[in-house]
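For reference, the structure is listed below as structure tokens.
The values are calculated or read from the model by the stated rules, or taken from the named source; none is laboratory data. Note that this is a predicted model, so its numbers are computed, not measured. Neighbour counts are summed over all protein chains in view; Cβ atoms, including those assigned to glycine, are modelled from backbone coordinates with ideal geometry. What goes into the accessible areas is simple: the full protein's heavy atoms, side chains included, and nothing from ligands, DNA or RNA. Shrake-Rupley method; radii C 1.70, N 1.55, O 1.52, S 1.80 Å.
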Amino acid sequence: MTQFAYLFERFPSFGQTFCYREVAELARQGVNSPIYSIRNPKDEPPQDWDQGIVQRVHYLPDEEQLLREVRRASKKGKLTEEGIGTLDEWGRRTDFLRLYQAVYVGLRLQKMGICHVHAHFAGMAARTAFWIGKFFPISFSFTAHANDIFAPRDFEISLDKLVDAARVVVTETDYAEKFLRERFPDRTDRIHRIYNGLDLTLFKPSNFASAAPLIVTVGRLIPKKGFADLIRACRLLKERGKLFRCEIIGEGPLEQELGGQINQLGLQDCVGLPGAKAQHEIREHLAAASVFVLPSVIDVDGGMDNLPTVIMEAMAAGLPVVATAIGGIPEMVIQNETGFLVPPGDAVTLASAIGRLSDDIGLARRLGARGFQRAKELFSIEKNVRSLLALIDPDNNCTSR
């Protein structure tokens, strides 16, 4: 019987396909862990999710029903006196719903004989898992990603408390592992790096056949992605007489601002904002591209990318990558080997790197081929999910509680 469960803030979500892929690969390996999601994703672009996985998701109730169920459980004696005292003492302080969500999920895990829960991001789900561990003999682990560790929000159950209480902390890059180990030197033994993974067989290789080179990027339209720099670089390319088409695939709060920038710079004929796309559509765009660009920057709050999955996807399609040396990106993009790294915020150097690849298809093919080999070595979903499973081994978790 599976002895660990997943807890997500929202699942499955377009912006967190790496979470879905992990769950799907575990299912392929015969591990069908229960899945709990605090929120039900709404108003997202349609995706080709496996309905067998979607139907396994147990969405937590809204606040009114949640409070009612926990009060009922308390009256039936299903909570310890210590747990009831903690709920009463916390009252309606900030983040109080995490405690009630923990009771709701923990009671169900206990009934199923599950002794460990794994969350993604050092955020809402991890804070709920923290309280599950306080109320029940259930350990927890979490995978830390990017802003949740580089620019964590100020909650009473802080990143420090999460790392201190978790059985295992997973993160996606050597950069983030070093960052966490330096910040938490007394907890280095529980901090581990496991790269996200891909099923490389799903990706078609680019044929570099478009008459005008196609520049593709994918991501949320938010400041840390640096898409304004890419648009400025496109203006420079146009001024140099280069023929190209650029697609910035995604949606987000900067859509109107970026659209205005495109119009202001007179790039309507060569730069587009086609919106968010389903995963199979993104793979088609990558297969038609000549170069993938992600000009990430560090935003004003310190938020930044760590291991953008879209770079892996571009490498899986055999594309050369132009990116910035932010977070763990240099672990994917090796200078002059799988692509080019440029300084963040430097549209001039960015334009030159893109132009070099557009002008030399032979170079683009060679860098793309090396990128594909690196993706095979580092980002195999089968291998990386097995590594995760070994870390959160449920048998060890149960016997040690």
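Details
- Residue 276 more than 24 Å from the chain's Cα centre (by Cα), open to solvent by 20 Å² or more (accessible area, probe 1.4 Å) and of a type in the set (A, V, I, L, M): no
- When 125, 146 are checked against the criterion of being open to solvent by 10 Å² or more (accessible area, probe 1.4 Å) and touching an Asp or Glu at 6+ places or on another chain (Cβ under 7 Å), 146 stands alone in meeting it.
- Pick from region 101-116, criterion in a loop (DSSP other than H, G, I, E, B) and open to solvent by less than 20 Å² (accessible area, probe 1.4 Å), ranking: nearest to residue 175 (Cα to Cα): 115
- Residue match in region 284-304 (condition: outside any loop (DSSP other than H, G, I, E, B), modelled with pLDDT under 95 and over 30 Å from residue 239 (Cβ atoms)): no
- The number of residues in region 359-394 that are open to solvent by less than 60 Å² (accessible area, probe 1.4 Å), touching a Ser or Thr at 6+ places or on another chain (Cβ under 8 Å) and free of Cβ contacts under 8 Å to residues at least 60 places away in the same chain comes to 3.
- Restricting the search to strands (runs of 3 or more DSSP E) fully inside region 1-94 and requiring at least 1 residues that are under 30 Å from residue 219 (Cβ atoms) and touching a helix residue (DSSP H, G or I) at 6+ places or on another chain (Cβ under 7 Å) gives 4-10, 35-39.
- Residue within region 117-133 that is over 13 Å from residue 60 (Cβ atoms), touching a residue at least 60 places away in the same chain (Cβ under 8 Å) and in a loop (DSSP other than H, G, I, E, B) present: yes
- Unique residue being modelled with pLDDT of 95 or more, within 30 Å of residue 152 (Cβ to Cβ) and surrounded by fewer than 19 Cβ atoms within 10 Å (Cβ to Cβ) when the list is 334, 311, 329: 334
- Options 180, 162: the member that is aliphatic (A, V, I, L, M) and either touching a strand residue (DSSP E or B) at 6+ places or on another chain (Cβ under 6 Å) or within 25 Å of residue 380 (Cα to Cα) (or both): 180
- Pairs linking a residue in region 243-259 that is in contact (Cβ under 8 Å) with a residue 60 or more places away in the chain to a residue that is surrounded by fewer than 18 Cβ atoms within 10 Å (Cβ to Cβ) and outside any helix (DSSP H, G or I), with Cβ atoms under 6 Å and 6 or more positions apart or on different chains, are 244/212; 251/275.
- Note on region 183-197: residues that are open to solvent by less than 70 Å² (accessible area, probe 1.4 Å) and either within 23 Å of residue 379 (Cα to Cα) or free of Cβ contacts under 8 Å to residues at least 12 places away in the same chain (or both) amount to 8.
- Strands (runs of 3 or more DSSP E) (entirely within region 156-253) containing at least 3 residues that are aromatic (Phe, Trp, Tyr) and over 22 Å from residue 342 (Cβ atoms): none
- Single match in 203, 227 (criterion: among the hydrophobic types (A, V, I, L, M, F, W, C), touching a strand residue (DSSP E or B) at 6+ places or on another chain (Cβ under 6 Å) and either open to solvent by less than 10 Å² (accessible area, probe 1.4 Å) or closer than 30 Å to residue 26 by Cα (or both)): 227
- Tally, over region 207-218, of residues that are touching a Leu at 6+ places or on another chain (Cβ under 7 Å) and either among the acidic types (Asp, Glu) or open to solvent by 10 Å² or more (accessible area, probe 1.4 Å) (or both): 1
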